[in-house]
Amino acid sequence: KHLLGVTKRFGQKSGNLVLSGGAAMNCVFNGLLDEWDIYQDSYISSCPDDSGVSVGAALLAYFRLESGSRRKRSEFKDNFWGPAFADETLKDILHKFKIQASQPADLLGEVALALSEGQLVGWFQGAMEFGHRALGNRSILADPRDVSTKDRVNFAVKYREAFRPFAPAVLAERAQELFRLRPGRQVRFMERVAHVQEEWKDRLCAVTHVDGTARIQTVEQEVNPKFYNLI
């Protein structure tokens, strides 16, 4: 309501809200924007904190230096702007550190089977995500159905407080089936928390927080086809 008052005070006619700054990293608040239904829509980038200043600076410089360029309306659907590595580079690293590795014919099938058997998977593909959140290119994967998963990930990898929840990735077209979301809402950057649908809470026990919510990521086939197909 306070934000709505600020919008009215400055005489803005738009029903949309764009949030930036470190406060926009608060995914609980961002999720509540949809619950409150004050605005027609709201947008939070993948990097609203200080790291996003570099993105804004690059855009500003581009439009200032390229004075003849017209601004094209576009939407960031991913933030895979980090380093990527060729297969030969990876093979050299494996050889250097004497790490045995294989390249299975059905990689997705083998990984899915390993997850279903309770194994933890380090998922490394393509270019690294820009920002604070792993979004399917540099991710730790585990089965969300087993209540012990959270403790095992914490013990083996994360070493963080037991009360902190883990984040589920879900196929975009099935997100509303599992989570209480506004129709058509994409949550590509884990920027919003949503309530888990009642019938799914027990089935997603490792990623459902004590208040019945989850910090979700919706995955689209066109944005990240390999991660999508794995899910």
Starting from the coordinates of the alpha-carbon atoms of the chain, obtain the Kirkwood hydrodynamic radius over all distinct pairs and give the value in Å to one decimal.
-> 19.9 Å
Overall Cα dimensions of region 43-159 - principal axes, largest extent first, Å | 55, 37, 26
Please get the size of the charge dipole for the chain, origin at its Cα centre, with Cβ charges of +1 on Lys and Arg and -1 on Asp and Glu, quoted in debye to the nearest 20.
-> 860 debye
Where the chain is the region considered: accessible area per residue in Å², 1.4 Å probe = 65 Å²
Please label the shape of region 91-226 as rounded, prolate or oblate, based on the square roots a ≥ b ≥ c of the eigenvalues of the alpha-carbon gyration tensor (a/c under 1.5 means rounded; beyond that, a/b larger than b/c means prolate, else oblate).
-> prolate
Rounded to two decimals, the Rg over Rh value of region 152-216 from Cα coordinates and the Kirkwood Rh reads 0.98
Among the trypsin sites (Lys or Arg not before Pro) in region 70-135, which ones are in a DSSP loop with at most 14 other Cβ atoms within 10 Å of the Cβ? Mind listing them?
-> Arg70, Arg71, Lys72, Arg73, Lys77, Lys98
Of Lys72/Lys226; Lys98/Lys226; Lys77/Lys158; Lys91/Lys158; Lys158/Lys201, pairs whose Cα-Cα distance is over 25 Å = Lys72/Lys226; Lys98/Lys226; Lys77/Lys158; Lys91/Lys158
At a probe size of 1.4 Å, how large is the accessible area of Met25, to the nearest 10 Å²?
-> 50 Å²
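The values are calculated or read from the model by the stated rules, or taken from the named source; none is laboratory data. Note that the structure is predicted; figures quoted are calculated from it, not measured. Glycine also receives a Cβ, built like all others from the backbone with ideal geometry; neighbour counts cover every protein chain displayed. Quick note on the areas: whole protein, heavy atoms, side chains included, nothing else; ligands and nucleic acids left out. Shrake-Rupley method; radii C 1.70, N 1.55, O 1.52, S 1.80 Å.
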